[in-house]
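I have placed the structure first, in the form of structure tokens, so that the comments after it can refer back to it.
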Amino acid sequence: MTPVSHPPVRHRWRLRDVLRKLHLWLGLSIGLLFAVLALSGTVLAYQDELLKWRHPELTRHALPTAEQQAVVLQHIQDTRWPLPLRSVDLPDADLPVWQLFLDGQVRVYLDPIDGKPLLLRSPDNDAVLWLRYLHTHLLGGKTGELWLGVISIVELSLLLIGLVLWWPRKGHWRHAVHMYAQPPIRRWRSWHQSVGAIAFPLLLLSTLTGVTLIYKDTTRAALSGLFGDRQMASKLPTLAPREAPVQWTAALVAAQEALPQAELHRITLPSAKNAALTIRARGAEEWNVVGRSVVVVDPYSANVMAVQDAQKQGRGNRWSDNIYPLHAGAVGGSTWQFVIAVVGVLPAFFAVTGFLFWWTRTRHRKAAQRAIG
């Protein structure tokens, strides 16, 4: 009898097979880059502590009086800085020096009493600022920030695909989070999946807050619309410059009186385009370290032109303001700061265990094929 030949069987790819391949190759490519970005986030969770550890001299100053503040602010205003001056942080108990933010990620620190330069930091000479520029702009300005958004969305998809692939059948939940020691293939796969499943809520929170920070305007509009917030004035009032002395002390006093329970933190100085003095302040219920409340003052007359109390915003806008401190570990004390730092290490752990699982399985398959051949 002539044996009947059957055509080769073609197995249709299931959705799970596609997701598994997608998860593998995205993890070995984009996942590796994201691991580097996440590790930089671990360092940035302690950026303030690192600054004070590397430059303890910055913390050994007395806070200036109101008169000394006025003198230094005038000095800052009159100085021609090498790059445009964006804003100035007032000295406080945590960091009792003036901190100036210049374009190009440059920061200048001044003596709180006489305004003499103490330190200049930039991504070119400071590893922490270089990591910050990498983490927030992928070392590429606005273009880098756009690519960072794409990478973050891919990573978010990678997390969700991983959850789908891990999801156990009914009655297998205990085995789904068990980490095995042997054999190697099972070890790397179980470690990768189990740690990912256990840490998934924190990973999702960290990645999702990172994505929303990149698309912050869209996020604010979406949350504001979701909760039906009353729209606050989107544009702050401006003021034409004129030939008159700036009343620094009176202007700061007026700003403090406008928000008596808040702490004044960051100043945008008068410029040739807008002479208004804009001051950011932190209310008692705000999570953001600098605060999202704003007072606009006429620096010539010390009259308050506008006040925006972030604590009186709708729920959607308040949630939007809380995204950054939640993502950066700047709320919840040292416990949440440590949690965020640990979460930043996990993508590197997944990249390593994912690669070891793929490599071990590939070697095992090749060895089996050679044995058959």
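Overview of results
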| read-out | value |
| --- | --- |
| Yes/no for GLY228 being touching a helix residue (DSSP H, G or I) at 6+ places or on another chain (Cβ under 6 Å) and surrounded by fewer than 20 Cβ atoms within 10 Å (Cβ to Cβ) | no |
| Some residue of segment 253-271 being buried (at least 16 other Cβ atoms within 10 Å of the Cβ), assigned to a loop (DSSP other than H, G, I, E, B) and basic (Lys, Arg) | no |
| Some residue of segment 315-334 being in a loop (DSSP other than H, G, I, E, B), without any contact (Cβ under 8 Å) to a residue 40 or more places away in the chain and among the acidic types (Asp, Glu) | no |
| Condition met for LEU90 (farther than 30 Å from VAL345 by Cβ, open to solvent by 50 Å² or more (accessible area, probe 1.4 Å) and in contact (Cβ under 8 Å) with a residue 40 or more places away in the chain) | no |
| Cross-chain or 6+ apart pairs with Cβ under 8 Å, segment 140-154 first and over 14 Å from THR218 (Cβ atoms), then outside any helix (DSSP H, G or I) | GLY144/LEU138; TRP147/LEU138; TRP147/GLY140; LEU148/LEU138; ILE151/LEU138 |
| Residue within segment 143-150 that is surrounded by 18 or more Cβ atoms within 10 Å (Cβ to Cβ) and among the aliphatic types (A, V, I, L, M) present | yes |
| Yes/no for ARG318 being of a type in the set (D, E, K, R), closer than 25 Å to PRO96 by Cα and open to solvent by 20 Å² or more (accessible area, probe 1.4 Å) | no |
| Cross-chain or 6+ apart pairs with Cβ under 6 Å, segment 118-139 first and touching a residue at least 40 places away in the same chain (Cβ under 8 Å) and open to solvent by 50 Å² or more (accessible area, probe 1.4 Å), then part of a strand (DSSP E or B) and among the aromatic types (Phe, Trp, Tyr) | LEU118/TYR109 |
| Meets criteria (of a type in the set (A, V, I, L, M, F, W, C), at pLDDT 95 or above and open to solvent by 40 Å² or more (accessible area, probe 1.4 Å)) for LEU58 | no |
| Segment 291-313, subset in contact with a Lys or Arg (Cβ under 9 Å, 6 or more places away or on another chain), outside any strand (DSSP E or B) and open to solvent by less than 20 Å² (accessible area, probe 1.4 Å), residue nearest to LEU213 (Cα to Cα) | GLY291 |
| Condition check for ALA199: touching a residue at least 40 places away in the same chain (Cβ under 8 Å), farther than 18 Å from ARG292 by Cβ and surrounded by fewer than 19 Cβ atoms within 10 Å (Cβ to Cβ) | yes |
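The values are calculated or read from the model by the stated rules, or taken from the named source; none is laboratory data. From a predicted model like this one, the values you see are computed outputs, not experimental measurements. Cβ sites come from the backbone with ideal geometry, for glycine too, and all protein chains shown count toward neighbours. All accessible areas refer to the heavy atoms of the entire protein, side chains included, with ligands and DNA or RNA removed. Shrake-Rupley method; radii C 1.70, N 1.55, O 1.52, S 1.80 Å.
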